[in-house]
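The values are calculated or read from the model by the stated rules, or taken from the named source; none is laboratory data. Computed from a predicted model, the values in this text were never measured in an experiment. Cβ placement follows ideal geometry from the backbone for every residue including glycine, while neighbour counts extend to all protein chains displayed. These accessible areas exclude ligands, DNA and RNA; they are computed on the full protein's heavy atoms, side chains included. Shrake-Rupley method; radii C 1.70, N 1.55, O 1.52, S 1.80 Å.
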Amino acid sequence: MSDQHLSILKRVGWVLLLVGVIDIAYMIYCISNSISYSSSLNIFAVIAGVFLLRGNLRAVAIIRWFTVFMLAAMLSMMVVWPVLQPWDLTRTQFRLNPSGTVLWLAFIAFAAGLLFWVARELGRDPVRTAITGAGRKWRDMRVPAASGVALVALLGVLLPMFLGGETANRAKAMAEQQLGPGYRLHVSSLHVVSNAQGKTVSSVVTAWNANEVKNVSVSWRE
């Protein structure tokens, strides 16, 4: 068996490891400075990078599967986003913080490009030959791609229903009591916990007008 596939795995492995370490360092910086942080690359990238550097062929199939899944989900989220968040809120966020929005879009573009590159590299002929030569099945990537699209489509149907019911309306009313009139309101998260003591609801409501966008946390026990 040719070792040509090993150079591909090591190249991808080093890139993922570097990206993961940088992302973890940035995460620590954000947490220590109370800055909002959101990313799914850090731990996944480090673990995937380590396995690829070791030339683990079983890991190749798993990493490629999840890479295609995440890429399909990410691209689908861009299409579904107007359903998940009011367009006027998105437009206001961009107008009030254009640099932050551009940085966020740049990160999305970078992450999508990275995922595409990883999926393409791990799908090259030398890697495929090594996997089939080792007696392992070459997986059809249409399955993770369809799964990623289906998951986001389901999210686009269920999430607006969950965030638009009576509980969400109560969260908006409580946020309006704190803020006063003059804001449009959108429930961006809703968490319900039921136990022996009853049901506890916590929510984050995004409020905006022409001059500002702010998040208001509300909670109550039922």
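Sorting TYR29, TYR183 by accessible area (1.4 Å probe), largest first, what list results?
Values: TYR29 120, TYR183 55 Å².
Ranked from most to least accessible, the order is TYR29, TYR183.
Once the Cα atoms are used to define both axes, helix 57-84 deviates from the longest principal axis of the chain by about 30 degrees.
Exposure check, 1.4 Å probe, all protein chains in place: THR129 carries approximately 90 Å² of accessible surface.
Computed 3J(HN,Hα) for region 156-161, one whole-Hz value per residue from the Karplus formula 6.51 cos²θ - 1.76 cosθ + 1.60 where θ = phi - 60°, is x, 8, 7, 4, x, 5, glycine and proline marked x.
Does region 1-107 come out rounded, prolate or oblate, given a ≥ b ≥ c as the square roots of the eigenvalues of its C-alpha gyration tensor, rounded meaning a/c under 1.5 and, failing that, prolate meaning a/b above b/c? Don't jump to the answer; show the numbers that get you there.
Numbers: a/c = 3.20, a/b = 1.86, b/c = 1.72.
Since a/c reaches 1.5 and a/b is larger than b/c, the shape of region 1-107 is classed as prolate.
A straight Cα-to-Cα reach below 24 Å connects LYS172 with the lysines LYS199, LYS214, residues fewer than 8 places away in its own chain not being considered. The lysines whose alpha-carbon is closer than 27 Å to the alpha-carbon of LYS137, local same-chain residues fewer than 8 away aside, are LYS10.
Could you do me a favour and compute the accessible area per residue for region 176-222, 1.4 Å probe, result in Å²? Mind showing how you got there, number by number?
Numbers: 2840 Å² over 47 residues.
Solvent-accessible surface per residue comes out at 60 Å².
The fraction of accessible area contributed by carbon and sulfur in region 1-116 is 71 percent, rounded to a whole number (1.4 Å probe; ligands and nucleic acids excluded). A 1.4 Å probe over all protein chains sorts ARG184, ARG221, ARG170 by accessible area into ARG221, ARG184, ARG170, starting with the largest.
Of the residues LEU103, LEU179, ranked by 1.4 Å probe accessible area with the largest first, the sequence reads LEU103, LEU179. Out of LEU115, TYR29, ALA61, whose Cα points farthest toward the positive end of the dipole of the chain (charges: +1 Lys, Arg; -1 Asp, Glu; placed on Cβ)? So the residue furthest toward the plus end is ALA61.
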